[in-house]
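Trainee: This is the structure, below, for whatever I ask next.
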Amino acid sequence: MERRTTVVLYPGLGVGHLVPMVELAKVFLQHGLAVTVALVKPPLESLEFSATVARFAAANPSINFHVLPPPPPAAPVDSGSDGTSAPPIVRMLRFLKAMNTPLRNFLRSIPSVQALIVDMFCTDGLDVASELRLPVYVFYASGASALAVFLYVPSMGDSIVTSFGQLGDSIIHFPGVPPFKASALPSNILDDGEACRLIIQTYYRLQESGGILVNTFESLEARALHALKDGLCVPGRVTPPVYCVGPLVSGGSTGAKDHDCLRWLDVQPDNSVVLLSFGSLGTFRKTQLEEIVIGLQKSGQRFLWVVRSPRIDGTNLIEPLAEPDLDVLLPAGFMEATKGRGLVAKSWAPQVEVLRHRATGAFVTHCGWNSILEGITAGVPLLCWPLYAEQRVNKVFVTEEMKLGEEVAGYDGEVVDAKEVEAKVRWLMESEGGQALRRRVAVAKGEASEALEEGGSSHAAFVKFVDDLIGMQASSVMVKP
């Protein structure tokens, strides 16, 4: 494929989808393809979005970043069928569907574009690619186990006599993954409303693509990958090719070396610090923060804790939060009592750099897939505290299938109590069980590195993907009306 050939990558909303897509863009560059990332500006004006785009563009001058114009005025995306406010996921999927018009216009303006790679939530972009006769693939930013589950979900409608939400804690079975409680499914699937229907339709449409690139590596999720490749996850239909091209993990943040928390880590002993960080959208109420405070104090362990302001119910998940007031959110005297062995960072810390620091010994995580991979590739064992989306099923995969993490019990209740925080942190840092977990993660770290090397499984999968893409180009003629 000649260097002038361009592949357009189309990530969804949110930094959690943008970061791995940028890492994928770097892989395309390594294989000699030109890359343009077509960005969707959030419907709410955000200085944070502009700053993020500028930061990525400055750090990746070989990648062309293009912010698409807003969609044309149309039917409102914020109202539900009953006139009430639609759930955030519904608003997001409607907005992304409306973005088909600016996406189509942009693709027509690039004579050299030869393929479109859409985010897992941007499957309406398949219609644009079909109209322009472009080869189109899906980038699934989560893991193969989650993909196996959600590809199978649309086929389950006839096999259950009620909605997913009414199954409660009943155990359900999916090809290639451990059985788990129905209540572990994302809340938007459990509600049996418009959100559920739209999400199921989104996953159904994944099957229409030319293939699915997954941010994982073979040895990490072997059983799920076998189920996918054997066609068990889309009964009665043809499974598109699945390419494991990960782990795609950011190399770090621009300017992170100047962050206070890294200087603090420099004076801590090796493998002694517990990182608590819950993703770009993860927040807790004040009552939960107070339980974490007590648990950390009583554990006696060193810690680095990223604290965000609590999110007000009903606010847009994409909307940035105000900087937290630690004097209000955390009990008086906590900062002073833990000075020297604990550090609280406001809103953000350079997570990749922190995890790779020699002083970091454990990671309390919300089980977002990016964070899981960042922990594994740093060789840091995981304490799993899922919050939303597919994180509860990810917890099942990490603890029961991969055996690279331990569950923080009680996360489905109102509050995880201080005794559980203390006990699990102590267990991971002090027990033989925690040491055994650390050894397993070290093995997985080595396998992750090998997968990306020339001749490794993920490198070979990407080469196969490029070969297949060339074959699709040869069998089709691009038309741009």
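Trainee: Please list, or write none, the lysines whose alpha carbon is within less than 24 Å of the alpha carbon of Lys26, excluding same-chain residues fewer than 8 places away.
Mentor: Partners within reach: Lys41, Lys257, Lys445, Lys464.
Trainee: Pull out a ≥ b ≥ c, the square roots of the eigenvalues of the alpha-carbon gyration tensor of region 256-447, then state rounded if a/c is under 1.5, prolate if not and a/b is larger than b/c, and oblate in the remaining case.
Mentor: Details: a/c = 1.37, a/b = 1.17, b/c = 1.17.
The shape class here is rounded.
Trainee: Among rounded, prolate and oblate, which fits region 390-481 when a ≥ b ≥ c are the square roots of the eigenvalues of its C-alpha gyration tensor, a/c under 1.5 means rounded, and a/b larger than b/c means prolate? Please list the in-between numbers first.
Mentor: Working: a/c = 5.50, a/b = 2.07, b/c = 2.65.
It comes out oblate by the Cα gyration axes.
Trainee: Can you give me the long-range amide H partners of Thr5? Hydrogens built in the peptide plane at 1.01 Å from N, cutoff under 5 Å, separation of 5 or more residues or another chain.
Mentor: So Thr5 has HN proximity to Ala34.
Trainee: For region 345-357, just list the computed ³J(HN,Hα) in residue order, Karplus coefficients 6.51, -1.76 and 1.60, θ = phi - 60°, integers in Hz, with x standing in for Gly and Pro.
Mentor: Here the 3J(HN,Hα) series is 9, 7, 6, 8, 9, x, 4, 4, 5, 5, 5, 7, 6 Hz.
Trainee: ³J(HN,Hα) across region 117-133 via Karplus (A = 6.51, B = -1.76, C = 1.60, θ = phi - 60°), whole Hz, x for Gly/Pro?
Mentor: Residue by residue, region 117-133 yields 10, 9, 5, 4, 9, 10, 5, 5, x, 4, 5, 5, 4, 5, 4, 8, 6 Hz.
Trainee: Label region 345-439 by shape, choosing from rounded, prolate and oblate, from the square roots a ≥ b ≥ c of the eigenvalues of the Cα gyration tensor; if a/c is under 1.5 it is rounded, and otherwise prolate applies when a/b is larger than b/c, oblate when it is not. Spell out each step's value before the answer.
Mentor: On the way: a/c = 1.25, a/b = 1.11, b/c = 1.12.
Verdict is rounded for region 345-439.
Trainee: Also, quick follow-up: Show the residues, 5+ positions off or on another chain, whose built amide H is closer than 5 Å to the amide H of Leu321.
Mentor: Counting only residues 5 or more places away or on other chains, the set is empty.
Trainee: Moving on. Round to the nearest 10 and give me the degree value, 0 to 90, for the angle of helix 15-30's Cα axis relative to the longest principal axis of the chain.
Mentor: With both axes taken from Cα atoms, the answer is about 60 degrees.
Trainee: Do you know the relative contact order of the chain, to the nearest whole percent, from alpha carbon pairs under 8 angstrom that are 6+ apart? Let's see the in-between values first.
Mentor: On the way: 854 pairs, mean separation 71.5, N = 481.
About 15 percent, as a whole number.
Trainee: Nearest 10 degrees, 0 to 90: what angle lies between the long axis of helix 418-430 and the longest principal axis of the chain (Cα atoms)?
Mentor: 90 degrees
Trainee: Right, something else. Once you mark the GluC sites (Glu not before Pro) that are in a DSSP loop and have at most 11 other Cβ atoms within 10 Å, what is the longest gap between them in the chain? Intermediate values should be presented prior to the final figure.
Mentor: Values: sites that count: Glu2, Glu45, Glu414, Glu453, Glu454.
The segment 46-413 is the longest one with no such site.
Trainee: Only one of the values (i) 27; (ii) 23; (iii) 35 was calculated from this structure for percent of Cα pairs over 38 Å apart; name its label.
Mentor: Recomputing percent of Cα pairs over 38 Å apart here gives the entry labelled (ii).
Trainee: Using Cα positions and a limit of under 29 Å, work out the lysines in reach of Lys298, with same-chain residues fewer than 8 apart set aside.
Mentor: Partners found: Lys286, Lys339, Lys346, Lys395, Lys403, Lys419, Lys424.
Trainee: Something else about it: Which ³J(HN,Hα) values, rounded to whole Hz and listed in residue order, are derived for region 203-209 from phi using the Karplus coefficients 6.51, -1.76 and 1.60 in 6.51 cos²θ - 1.76 cosθ + 1.60 with θ = phi - 60°, glycine and proline given as x?
Mentor: 6, 4, 6, 4, 6, 7, 7
Trainee: A further question follows. Using modelled backbone amide H atoms (1.01 Å from N, in-plane), which distant-in-sequence or interchain residues come within less than 5 Å of Leu39's amide H?
Mentor: For Leu39, whose amide H was placed from the backbone, the distant partners under 5 Å are His66, Val67, Leu68.
No value in this document is a laboratory result; all are computed from the given coordinates. Quick caveat: nothing in here was measured; it's all calculated off a predicted structure. Because the Cβ atoms are built from the backbone with ideal geometry, glycine has one as well, and the counts that use them run over all protein chains shown.
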